[in-house]
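Scroll down for the structure; my scribbles are underneath it.
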Amino acid sequence: MSAVTQSLVKELKGKVLIASPYAPLRARMLKNLEVSDNSVSEAKGGADVLLKLEQSDFATLLLDPRIEDLDLEELIATLRGRYPSLDVVLLEPDPISAKVAMTSTESALPGAQSLPVCARHPFGIAVNASGLMESRTRALPGMIGTSPRMQQIWRLARLVAPRDTAVLIVGETGTGKELVASGIHSLSRRSKGPFVVVNCAAIPESLLEAELFGFTRGAFTGAFQSRLGRIHAAQGGTLLLDEIGELPLSMQGKLLRFVQEHEVQRLGSADVLRVDARLIASTNVDLLQRVREKQFREDLYYRLSVFPLDLPPLRERSGDTLPLAQHFLDGFCRESAVAPKAFNADAMNLLRRYHWPGNIRELQHAVERAFVLAEDSTQIGVEDLAMLSGAA
């Protein structure tokens, strides 16, 4: 046992939990710590840590920052809130000596203040945590954005993606809710399964039940053959219910059964079908207000909003407008097989100043119009963005 580990063992009091995805490290630490009178247990990852802490009282958590199933900062924030008396020790495993680095989470992780730990030897934990956080805040596949608000969205989306937790994405029209849902799907264990999108506002109420749940032959006039619904089409994948706030009350009870039991019943049939599909919902309305107005079921709302993501409007994403605009412009150039174009200084200033009530969708349309108006020029000017100049 190294000198650092020996010192650690002498200082530990009460029950100890070792958390690392690497079995050899857990075994080595377990063996070393058994020389004391401590009661020692082990966990394979962050979720296992939370489970073990619910089942028993631990005084100290020896935490490997390389856990993969939960975001390190989010886990520590959760621990800080739920278990304020728990000592958390970050481990820095070494292939030869299995050194133990003990540091305060305040110095190791931004925003994780006041979590009580024993501070001795920092051993560069801040660098390791920073690298993990950088990977967690990368934009989702197919999306762009480095503003602080969006980095928070990326981190939360990457945190929830590997699980089947229900996600509710809230945001103004045109903020990219479907893209976020698609990104979560692509990072999930269901990524090879279907990604099915149902716009609840675009389907007439008289057809919505049949569209969602399917029907059997003869269930209604025109039902000449049986058909599975869109929910069943998401088997093994992800179902996005877009504009969930427009779902009629008459349908919400039936949807609640699917959310709770993963069961659907087709129109005209007494048979119940099991469907293994993850549910993501999105809306541009205040669902809680709809609940208060008795237009949305409270029990369904809380089932859908287990993990809410609130997308900011483009006007609140400082620094993202120009990269998004250039991204769209590059795409139009590639599609038309023309030389690359760029915005001149005046055009960039206009793009920055404009408030974008239609959000990213409006930006995309404005760039497409400017691309057409610029003709053979390689520069996009203010005159090509004339539709915006009066409202800037």
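Listed values for region 326-336 are Karplus-derived 3J(HN,Hα) couplings in whole Hz (6.51 cos²θ - 1.76 cosθ + 1.60, θ = phi - 60°), namely 5, 4, 5, 4, 4, x, 5, 5, 5, 4, 9, and x replaces Gly and Pro.
Checking the cross-link pairs 44/254; 192/254; 44/177 against a 31 Å limit on the alpha carbon distance flags 44/254; 44/177 as lying beyond it. Over region 315-389, what relative contact order in percent results from Cα pairs under 8 Å that are six or more residues apart? Once normalised by length, the contact order is 36 percent. Taking the square roots of five times each eigenvalue of the Cα gyration tensor of region 225-354, the equivalent ellipsoid has semi-axes of 41, 21, 11 Å, listed largest first.
Other residues lying with their Cβ under 13 Å from the Cβ of residue 315 contribute a combined charge of 0, Lys and Arg counting +1, Asp and Glu -1. The three principal axes of the C-alpha atoms in region 164-312 carry coordinate ranges of 46, 39, 26 Å, sorted with the longest axis first.
Residue 347 sits among other residues whose Cβ lies under 12 Å from its own Cβ, and their net charge, with Lys and Arg +1 and Asp and Glu -1, is 0. Once backbone amide H atoms are built at 1.01 Å from N, residue 90 has 63, 103 as its partners under 5 Å, excluding neighbours fewer than 5 places away on the same chain.
Read-outs: derived from the displayed coordinates by stated rules, not from any lab. Just so it is clear, the structure is predicted and the values come from calculations on it, not from any experiment. We place every Cβ from the backbone using ideal geometry, glycine too, and count neighbours over all the protein chains shown.
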